[in-house]
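Shown next, in structure tokens, is the structure this report addresses.
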């Protein structure tokens, strides 16, 4: 191998390494305070998974900008990871207390996984792991 081929090989190796570090930058598990279990995130916690679908279908119907229900606008980064855990453990939002959120326990676990993973404190634009 000549020096040019070695240099290209090194660049490819570094690029592949960065891809793997970016894929693992966000948390991969969380401790659920309600069940006291460690929940390992699977595809349901990804942007294309069930957690996002539940968020869009059950939460974003009310929690959009300019809604007429008085619900605050929400997106995954509206709260920190710990704050999202509190939402589902303490059930302090009005929609949780009056039952209007209509989310089963299993849906709550999947939704909490998704929101925890993409919360405001899980992405760091200045970190080499997130490559922002």
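Throughout, read-outs are computed from the coordinates displayed, never taken from laboratory work. Please read all numbers here as calculations on a predicted model, not as lab measurements. When we count neighbours, we look across all protein chains shown, and the Cβ atoms used for this are built from the backbone with ideal geometry, even at glycine.
Set the Förster radius R0 to 22 Å, insert the Cβ-Cβ distance between residue 89 and residue 29 as r into 1/(1 + (r/R0)^6), and round the FRET efficiency to 0.05. Could you put the intermediate results ahead of the total?
Working: r = 17 Å, r/R0 = 0.75.
Calculated transfer efficiency: 0.85.
Sketch the reach of a paramagnetic label on residue 36 as a point 7 Å from Cα along Cα-to-Cβ, and name the residues of segment 51-94 whose backbone nitrogen lies under 13 Å away.
Output list for this probe position: empty.
Take 81, 100 and order them by how many other Cβ atoms sit within 10 Å, fewest up front. Working shown, then result.
Details: 81 19, 100 13.
Starting with the residue having the fewest Cβ neighbours, the order is 100, 81.
Using the count of nearby Cβ atoms within 10 Å as a rough guide to exposure, how do 64, 87 rank from fewest to most?
Working: 64 13, 87 18.
Fewest-to-most ranking of 64, 87: 64, 87.
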